[in-house]
Amino acid sequence: MALSGDSGGADTAMQTVLVIGGAGYVGSHCCKQFALAGWRVVTFDNLSTGWRDLVKWGDFIEGDILDLPTLKAAIRATTPDVVAHFVGLTDVAGSMADPASYYRTNVVGSMNVADAMRAGGRDKIVFSSTAATYGAPQVELLTEEHRQEPISPYGSTKLIAERMLLHYETAYGLRSVALRYFNAAGADRDGDTGERHHPETHLIPLAARGLLRDDYVFTIFGEDFDTRDGTAVRDYVHVSDLARAHVAAADYLVAGGISQAINLGSGTGSTVMEIANAIEAVAGRRLQRRIGPRRAGDPAVLVASNQKAKRLLGWSPRPLGLSEIIRTAWRWHSVTDHGWVGPKTPEILQPRLVT
Ligand code: UDP
């Protein structure tokens, strides 16, 4: 199996993490945090939504999780101490329109990852799960014990994968930490990586697009929710903080920890309107916006209790919170990533605004 990259081969004293989906948004930030923590990093990615130029830490293997022989070969070649599995389709509305793709990638793909690990004698996995597994919350702060009744195919596929991993622990000794992300947001503080989806569906990049381009009007999806200003409340957590939690979860598994599901959120919620106002303030210009209908599958409020992450992983998000999320995201979209908003061959736009 050919590895390409900058590590120059394994140092036997180092622990290895195989980052499946390491060329994507959260995955690439995790590669950086693992590298900073002294791990040997290998990214496995099919580059369908990820980016080769964001694979900056360690080696790279191009491959698809639906291709089991290649996945097995990658695990044999790298013998990872821990696998961090980020690959997944993640758009709630997209999952409503095309559930088959979501079940294939998120369920069959995750099963392939677990089976390739079994075949290669690997027994520790950090899995990217989601707050969408809870469905419509019954309480203000969601703890991990909250009933899981997803209201979208996306949430359902991630819940199935979580449960599969628990059964794999009982039967085969494969230990997992399922990290239930709330809203990953922001960009690397040094501008080394950031959010670049195509098509983009997320709030902050789309608000940035509204500020950077005259031909795009930002839409607020619903202002009739039962919230303080009528727009939906989400818990935004800085992607680099999220990435640090993966290193802590890997350490937890290496230390012998049993399988867990752990929320990753800041513990506070912001409305869509508040986010739009905050990015407008950082950019120093008005964001053209309109009100649209609610988006299918969107609950009114999703906010995490992050006490379990604090207790088990010693993790908490850095205190700067939302202001740093907005500042780093705006810098990434307007300067570092050149306001990139196009298809796979980036059209480099000259930034019109610099913070
Ligand atoms: N949202 C919005 N306009 C947009 C994109 C998103 O009003 O152009 C809202 C969306 O309905 C949700 C919140 O912003 O209430 C966060 O959406 P996002 O897609 O970023 O993350 P999700 O919560 O779906 O994981």
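At-a-glance table
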{"quantity": "Test: ASP214 is among the acidic types (Asp, Glu), modelled with pLDDT of 95 or more and either crowded, with 19+ Cβ neighbours inside 10 Å or more than 8 Å from the ligand (Cβ to nearest atom) (or both)", "calculated": "no"}
{"quantity": "Residues located in region 63-94, provided they are modelled with pLDDT under 95 and within 13 Å of LYS158 (Cβ to Cβ)", "calculated": "THR90, ASP91, VAL92"}
{"quantity": "Region 275-296, subset within 8 Å of the ligand (Cβ to nearest atom) and open to solvent by 20 Å² or more (accessible area, probe 1.4 Å), residue nearest to GLU223 (Cα to Cα)", "calculated": "ARG294"}
{"quantity": "Long-range neighbours under 8 Å by Cβ, at least six apart or interchain, first residue farther than 16 Å from THR268 by Cα within region 214-237, second acidic (Asp, Glu)", "calculated": "PHE221/ASP298; GLY222/ASP298; GLU223/ASP229; GLY230/GLU223; GLY230/ASP224"}
{"quantity": "Of all residues in region 301-312 being buried (at least 18 other Cβ atoms within 10 Å of the Cβ) and among the aliphatic types (A, V, I, L, M), the one that is farthest from the ligand (Cβ to nearest atom)", "calculated": "ALA309"}
{"quantity": "Where ASP224 falls short, out of the listed (1) surrounded by fewer than 21 Cβ atoms within 10 Å (Cβ to Cβ); (2) over 20 Å from GLU324 (Cα atoms); (3) under 23 Å from the mean Cα position of the chain (by Cα)", "calculated": "(3)"}
{"quantity": "Residue count, region 153-177 (criterion: out of contact with any Pro (no Cβ under 6 Å at 6 or more places or on another chain), open to solvent by 10 Å² or more (accessible area, probe 1.4 Å) and on the phi < 0 side of the Ramachandran plot)", "calculated": "13"}
{"quantity": "Residue pairs meeting the criteria (Cβ under 7 Å; at least 6 apart or on separate chains; first under 14 Å from SER152 (Cβ atoms), in region 118-142; second open to solvent by 50 Å² or more (accessible area, probe 1.4 Å) and in a strand (DSSP E or B))", "calculated": "none"}
{"quantity": "Only one of THR227, THR201, THR219 that is part of a loop (DSSP other than H, G, I, E, B) and near the ligand (Cβ under 7 Å from one of its atoms)", "calculated": "THR201"}
{"quantity": "Residue match in region 128-142 (condition: buried (at least 19 other Cβ atoms within 10 Å of the Cβ), more than 16 Å from the ligand (Cβ to nearest atom) and within 30 Å of VAL301 (Cα to Cα))", "calculated": "no"}
{"quantity": "Residues of region 184-211 that turn out to be surrounded by fewer than 14 Cβ atoms within 10 Å (Cβ to Cβ) and free of Cβ contacts under 8 Å to residues at least 60 places away in the same chain, as a count", "calculated": "2"}
{"quantity": "Odd one out for ASP235 among (1) within 10 Å of the ligand (Cβ to nearest atom); (2) over 22 Å from the mean Cα position of the chain (by Cα); (3) among the charged types (D, E, K, R)", "calculated": "(2)"}
{"quantity": "Residue that is farthest from the ligand (Cβ to nearest atom) [pool: residues in region 62-87 that are buried (at least 24 other Cβ atoms within 10 Å of the Cβ) and not in a helix (DSSP H, G or I)]", "calculated": "PRO80"}
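Conditions (1) assigned to a helix (DSSP H, G or I); (2) farther than 15 Å from GLY297 by Cα, marked per residue:
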{"site": "SER95", "(1), (2)": "yes, no"}
{"site": "ALA114", "(1), (2)": "yes, yes"}
{"site": "ARG118", "(1), (2)": "yes, yes"}
{"site": "ARG147", "(1), (2)": "no, yes"}
{"site": "PRO150", "(1), (2)": "no, no"}
{"site": "THR157", "(1), (2)": "yes, no"}
{"site": "TYR168", "(1), (2)": "yes, yes"}
{"site": "ASP190", "(1), (2)": "no, yes"}
{"site": "GLY194", "(1), (2)": "no, yes"}
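The values are calculated or read from the model by the stated rules, or taken from the named source; none is laboratory data. As the structure is a computational prediction, the values presented were derived from the model and not from experiment. Here the Cβ is made from the backbone with ideal geometry for all residues, glycine too, and neighbour counts use every protein chain on show. Heavy atoms of the whole protein, side chains included, go into the accessibility calculation; ligands, DNA and RNA do not. Shrake-Rupley method; radii C 1.70, N 1.55, O 1.52, S 1.80 Å.
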